[in-house]
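Accompanying notes for the structure given below.
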Amino acid sequence: MVSEESQLLVATAHEAIYNRFVPGQKRLILFHVSLMGLLSTFVEASFVPSIPQIAKDLNLTHAVVSLAFSLTIFANAIGGLVWTAYASFYGRRSIYLWGIPFLCIGSCGVALSTSLQGLLFWRFMQTFGCAGAFSLGIGVIGDIYKLEERGTATGIFIAVTLLGNAIAPFLGGAATQFWSWRNFHYCIGTWGLLEMLIVYLLLPETSHPGILGIDKLTRRRWIHITWVNPLSSLWLLLSPNLCAVMFAAALVFISNYVLLVPMAYTIGIQYGIKDETIIGACFFPSGLGSFTGALVAGRLSDIVVRRWQEKRRGMWCPEDRLRATWIGGLFMVPLSIWASGLITTYIGGPIGLALHILCIYANGVGTDLVLSPINFYIADMVHSRSAEATAAYKASKSLILSIASALIIPSIERIGVAWTDILAAVLAVIGQGIIFLTIRYGDRMRASVDIGFSTMEHN
């Protein structure tokens, strides 16, 4: 009887944690963190269409200016680690407020750049300032939504975040063509200031009571500054599960970069498109596909988790989330990138362009049918440190992608578009194979290295 009462008390306390906010407040919090995620994606995705004009204004080559894009990926990795490490001590809300000023100052610096060195420095600061938005958003959602609701809510967050991939390149290209890429970055800085005001006035702290480092201090100064090792979350990658899905996600997502990064040099040259606005508009199908894929993946993964729990009579296995990746990883991603390479090389005219755009959309859907369940899986597996685990995963994946993105254009120049795309398709299939092995042997992998995995009772 005592055991039953103890279990009831634990269940009641567990429910109370997620009942701190009423459904309306949860939706409002989800809206705010989604806007921050959208801003961070906007900063990253709006830069590519303006590369030719920036190169012209600064008297640089396109390849040299494209280094700023690789630097963006690196800044995302470093910034995500720093902000989530400090969020575990000071809280999510405080870190949002600390990061945005870096974004605003960096945006103004990019707008004022007159040299490559200045452009790279300020671009790094701009991206660094908003780099924690995705990982912090995942953490906030994990704070306020229960396991069975988390996939759908996270899917909405990721969908809104990735909407930036649809609209940012078009707006960035249009601003470059008809206005000024410098003024566009001033606008991004202004948007950041508005977001900081919204966070300050409307976003509450969502971290569970008593888990923040600052809450555990017995003596605290009015302004308490402490050192937190930003690399501490990387030890979570000692888990074979986290390391495997990180590597798999990078291999799958390379296909998206192969399609988008050299856009001006693939379909731009093949179909005679020189207008930055039109090139920017060609990014829209990818963002729309990502938006669609994230929404579908969120709902689908929740359904898969519930059905497999029923099959096991209530037993929960975190790898069940990954079962929602099959359609995207085994079919949509490799087939879309493979077809894109052949179409771009051998089919010209409006028909070729239309088919290429369709491949870009299918790739966007497919990549998020893989990446979104992986994000949910990480948040479920180490729920108490979901933001840090997501940052470690994202940083390591970004490191791989930053190297890969720098090799895309040289690869196209050396072996051609078709073979580069076929190579990306093979890597995507290998990535899905790694996910299959994680599903099959996930329990043994978790048992081999315990990093403090969450249980059903603490999720």
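The table below lists the values:
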item: Evaluation of Val296 against (1) in contact (Cβ under 8 Å) with a residue 40 or more places away in the chain; (2) more than 20 Å from Phe253 (Cα to Cα); (3) hydrophobic (A, V, I, L, M, F, W, C) (one fails), failing number; result: (2)
item: Options Gly298, Gly268; residue that is assigned to a helix (DSSP H, G or I) and more than 15 Å from Thr367 (Cα to Cα); result: Gly268
item: Complete set of residues in the range 301-330 that are surrounded by fewer than 22 Cβ atoms within 10 Å (Cβ to Cβ) and either under 23 Å from Ser255 (Cβ atoms) or within 17 Å of the chain's Cα centre (by Cα) (or both); result: Arg323, Trp326, Ile327, Leu330
item: Residue check, Glu5 open to solvent by 70 Å² or more (accessible area, probe 1.4 Å), at pLDDT below 85 and either under 30 Å from Leu259 (Cα atoms) or in a helix (DSSP H, G or I) (or both); result: yes
item: Restricting the range 159-197 to residues that are under 21 Å from the mean Cα position of the chain (by Cα), at pLDDT 85 or above and among the β-branched types (Val, Ile, Thr), the residue that is surrounded by the most Cβ atoms within 10 Å (Cβ to Cβ); result: Thr161
item: Residue count, the range 267-295 (criterion: open to solvent by less than 10 Å² (accessible area, probe 1.4 Å), out of contact with any His (no Cβ under 8 Å at 6 or more places or on another chain) and either acidic (Asp, Glu) or closer than 15 Å to Ile343 by Cα (or both)); result: 1
item: Verdict on Leu231 being closer than 30 Å to Gly341 by Cβ and either open to solvent by 30 Å² or more (accessible area, probe 1.4 Å) or modelled with pLDDT of 85 or more (or both); result: no
item: Subset of the range 97-137 that is among the polar types (S, T, N, Q) and more than 22 Å from Ala85 (Cα to Cα) - its residue that is surrounded by the most Cβ atoms within 10 Å (Cβ to Cβ); result: Ser107
item: Candidate set from the range 18-64 (those that are within 27 Å of Ser207 (Cα to Cα) and charged (D, E, K, R)); member that is most open to solvent (accessible area, probe 1.4 Å); result: Arg27
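The values are calculated or read from the model by the stated rules, or taken from the named source; none is laboratory data. Quantities reported herein were computed from a predicted structural model and do not represent experimental measurements. Positions of Cβ are generated from backbone atoms using ideal geometry, with glycine treated the same way; all protein chains shown enter the neighbour counts. The area values use the complete protein model at the heavy-atom level, side chains included, leaving out ligands, DNA and RNA. Shrake-Rupley method; radii C 1.70, N 1.55, O 1.52, S 1.80 Å.
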